[in-house]
Amino acid sequence: MRAFFSYGVALVILLLVAGWLASGTLINGGQGPGQGETAIVDIIEGDEGPLRRMLESVGLIATHEEEAAEAAAEALSVAEQQQAATVQAVRAVRYEARELPLEVPLRGRTRATAKIAARAETNGLVQAVMVRKGQEVAAGDLLCRLDQGTRQAAVAQAEAALAQAEAALAQAEADLETNQQLRERGLSPANTARSFEVAARSAQAQLRASQLTLDNARVELERTEIYAEVAGVIQDPLANVGDNLSAGGECATIVQLDPMLFVASVAEARIGEVGVGMPVRVRTVTGQTAEGEVRFVAATADAATRAFSVEVEMDNADRRLFDGVTAEAVVQIGTAEAHLLPQSALTLATDGAIGVQTVEGETARFLPVQILRDTTEGVWVAGLPETVSVITVGQEFVADGQQIAASYVTAAAADEV
């Protein structure tokens, strides 16, 4: 009897365990949330059967309607979590467009306007040198004096010959006038006029020749003094006392420093942006600065570099600028609307285009930009609206069109990050 009781209790326990197991769920993992889950009772007898109905009646398993409602609720919860995960928190700054001066950078050197050799126009020994190297001279200053030799005597001789010719002309004219009076009174034959007229014309010609001889003698004497044709600074080569200069020999070299030139080359890609008359700022490696303007742009490129020569003229009345100094310059070609952004705000699109991620409502929007200038304060870019909100923190973690949660800071605060 006791054995039957034990078997009965064991059977009841077995039935309860079987019912509990039948109310469970078999999960086939790796298929995502809510996927691969099957009730064990359905595996045993299908979707409908007496065992399912009994377990449903005692509340051990849910009905099909309740399972469907629970699955829909779980799917909705997962979707909400995924949507919340796609909302990226970012930091943005509002930027306003500003006027950016457009400039063409140049690198070259300063160059004197001219280097002029003061040359002798006659032969002679250098008797005196009136200047020294490094001395500033003005146009018309005496530089060198040559030995006059016999030139002064030639002038005196020419002056005497001129006086003699003047006297001869006066005598010839007087004789012609006397002959005319005698002919009018009938005291001299009419055919005598011809000889007196010829004598007068010959005296006039002799006077002109004497005057030219005197002029040439005086010019030759003046050529013994060599003067500066332009203002500038004296440089080598400079003659010394006792040097024998022939016609064309150099007495001194004058470097014309005012105005000063800046010479450089412009790449062929930007030659169309530079024109005569444009303002230019120049800064030398020695720290001097100057303002000038473009005075010449070459019409043909250098065969080796494919660059175009450019000359800038600058005022140098105070002699601050020296010849041959390396310098940099910028040609101011106009202005453009641009934004000054931190360099870290730039990012790349999937196609490799450079741009920035901006805030448009509650989504991120990629806008391509053109870099105009890169400075220590940031990068100047074009291609953005006049007022734009640029993502400065988190732009690398968002995609075009992605939902974002933007917090705004000032540009100064963004630079400190």
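The values are calculated or read from the model by the stated rules, or taken from the named source; none is laboratory data. Because the structure is predicted, anything quoted here is derived from the model rather than measured. Every residue, glycine among them, receives a Cβ derived from its backbone with ideal geometry; neighbour counts consider all protein chains shown.
Just give me the residues in region 338-369 being assigned to a strand (DSSP E or B) and out of contact with any strand residue (DSSP E or B) (no Cβ under 7 Å at 6 or more places or on another chain), in sequence order.
E360
Could you grab me the full set of residues in region 177-228 that are aliphatic (A, V, I, L, M) and over 30 Å from G124 (Cβ atoms)?
Answer for region 177-228, where residues must be aliphatic (A, V, I, L, M) and over 30 Å from G124 (Cβ atoms): L182, L187, A190, A193, V198, A199, A200, A203, A205, L207.
One residue is enough: does region 111-124 have a residue meeting the conditions under 18 Å from D258 (Cα atoms) and out of contact with any strand residue (DSSP E or B) (no Cβ under 6 Å at 6 or more places or on another chain)?
no
Residues checked against (1) buried (at least 17 other Cβ atoms within 10 Å of the Cβ); (2) under 18 Å from the mean Cα position of the chain (by Cα):
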{"position": "V282", "(1), (2)": "yes, yes"}
{"position": "F296", "(1), (2)": "no, yes"}
{"position": "F308", "(1), (2)": "yes, yes"}
{"position": "D318", "(1), (2)": "no, no"}
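Only one of these conditions is not met by T326: (1) β-branched (V, I, T); (2) surrounded by fewer than 12 Cβ atoms within 10 Å (Cβ to Cβ); (3) more than 25 Å from the chain's Cα centre (by Cα). Which number is it?
(3)
Counting only residues that are in a strand (DSSP E or B) and closer than 11 Å to T347 by Cβ, how many does region 370-399 have?
Residues that pass the stated criteria total 3.
Among (1) in contact (Cβ under 8 Å) with a residue 60 or more places away in the chain; (2) assigned to a strand (DSSP E or B); (3) surrounded by 15 or more Cβ atoms within 10 Å (Cβ to Cβ), there is one condition S407 misses while meeting the rest; what is its number?
With respect to (1) in contact (Cβ under 8 Å) with a residue 60 or more places away in the chain; (2) assigned to a strand (DSSP E or B); (3) surrounded by 15 or more Cβ atoms within 10 Å (Cβ to Cβ), S407 is out only on (3).
Take region 140-158 and flag every residue that is surrounded by 15 or more Cβ atoms within 10 Å (Cβ to Cβ) and assigned to a helix (DSSP H, G or I).
Those that are surrounded by 15 or more Cβ atoms within 10 Å (Cβ to Cβ) and assigned to a helix (DSSP H, G or I): R151, A154, V155, A158.
When you look at Q171, is it surrounded by 12 or more Cβ atoms within 10 Å (Cβ to Cβ), assigned to a helix (DSSP H, G or I) and modelled with pLDDT of 90 or more, yes or no?
Criteria not met by Q171.
Which residues, taken from region 248-286, are assigned to a loop (DSSP other than H, G, I, E, B), under 22 Å from V233 (Cα atoms) and of a type in the set (G, A, S)?
Hits for region 248-286 are G248, G249.
Against the condition farther than 30 Å from F397 by Cβ and either part of a strand (DSSP E or B) or assigned by TED's automatic domain parsing to the domain that holds F397 (or both), how does V331 come out, does it pass?
Criteria met by V331.
Tell me whether region 92-107 contains one or more residues that are among the aliphatic types (A, V, I, L, M) and loosely packed, with under 15 Cβ neighbours inside 10 Å.
No, there is no match, as no residue in region 92-107 is among the aliphatic types (A, V, I, L, M) and loosely packed, with under 15 Cβ neighbours inside 10 Å.
Determine if region 194-214 includes at least one residue that is in contact with a helix residue (DSSP H, G or I) (Cβ under 9 Å, 6 or more places away or on another chain), in contact (Cβ under 8 Å) with a residue 12 or more places away in the chain and within 30 Å of K115 (Cα to Cα).
Within region 194-214, none of the residues are in contact with a helix residue (DSSP H, G or I) (Cβ under 9 Å, 6 or more places away or on another chain), in contact (Cβ under 8 Å) with a residue 12 or more places away in the chain and within 30 Å of K115 (Cα to Cα).
Restrict the check to region 179-191 and report whether at least one residue is hydrophobic (A, V, I, L, M, F, W, C), out of contact with any Ser or Thr (no Cβ under 6 Å at 6 or more places or on another chain) and not in a loop (DSSP other than H, G, I, E, B).
yes
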